[in-house]
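No value in this document is a laboratory result; all are computed from the given coordinates. On a predicted model such as this, the values are computed, not experimentally measured, just so you know. For neighbour counting, all protein chains shown are included, and Cβ atoms are generated from backbone atoms with ideal geometry for every residue, glycine included.
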Amino acid sequence: REFRAAQRPAYQSGPPLRGSELPRLPMLCLLLAASSFSLSSSSSVLDLVNGRFASGSSNSTSLSTAGVVIHQFDNWNDPSSQWMPCPTTMWCANFSDRWSTSLVNHESPTKDDGGLNLYNNLMPGFILAPTGNVLNCAFSQDGGTSLRICDAAGKAAGCIPGCYTEQGNHYPVPDGVPCWCDTGVTQCASGHGATGPSACAWKPDELSKMLTKQAHFNSYNELLFDTTAYAAALPGSLEAFFIMAESQQDQKNMTSEQHAHFLSTYGRTAQQTPLLVFDPTNLAKPFSCVTC
């Protein structure tokens, strides 16, 4: 996943994207006043999200109790409907079969400033619901999943998107093969004495082991979800949109537009699918309400 922010769609010109940049969409209005992001009253979804964050731990064995699963916009989304994966006709089509996400809770590793160690402190995104989604695998650190691609032949042979070994990895491990953690493997960085940089993947039923191992890396984790199952379960598979507390104004504007677009598309209300603020320095209640 670490390569995603450096990639730019073919139709865009200019230098490589920095972590704070996102593809800009046509605005419903040129700018939204900053006051439009003032906090309003809490909602049931907000309470559920903060509750899972507070109660989640490395002892949790299911997504409904482990914490909050966030996907930050990463240029692998549909530009017009950012809650959808990359269209198969675009440059990012190789990544349309998975969502790259992180699971956060009050036990997640923190940085020197006390804030959560995240993929990016500026990028907005959305929260995947703990039900209606299918977990492919998980990594206790960044899994380098931009190289973990299943081609047509690989998928036919059972390759799991984002989970098998990297293509062209040049390590002492074959391309596109399973390398699961906690199975005695010695060719991946699995904690079994391996020296190779290719990280092993945890199976979906080993969520607790993944979270325990994450503490040794002091980094954000990476969970890969199946986008086909996610899309089939919409709108319920998306729990909420969020902006980061440090998001730039154009990122806030884009996310507000996408939130409104989502509500209109699926006939939802903001109470059902709210827009939240995520403050990674607030380890008690990191999510607050923008539009609920």
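So for Arg268, Arg148, Arg98, fewest C-beta neighbours within 10 Å to most, what's the order?
On the way: Arg268 16, Arg148 30, Arg98 26.
The fewest-first ordering by Cβ neighbours comes to Arg268, Arg98, Arg148.
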**Prompt:** Roughly how many nanometres apart are two label points built 7 Å out from the Cα toward the Cβ at Val134 and Ala233?
**Reply:** 1.0 nm
**Inter-part distance where the range 120-139 and the range 203-274 are each reduced to a Cα centre, Å** = 5 Å
**Asked** What length, rounded to one decimal in nm, is gained on full extension from Asp205 through to His106, with 0.36 nm per residue of separation minus their alpha-carbon distance?
**Response** 33.5 nm
**Prompt:** Rounded to the nearest 0.05, what FRET efficiency do Thr88 and Gln271 have when you use their Cβ-Cβ distance and R0 = 41 Å?
**Reply:** 0.75
**Message:** What percentages make up the Cα-Cα pair-distance distribution of the range 41-84 when the bins are 10 Å wide from 0?
**Reply:** 25, 33, 35, 7
**Request:** Take Asp279, Asp205, Asp112 and order them by how many other Cβ atoms sit within 10 Å, fewest up front.
**Result:** Asp112, Asp205, Asp279
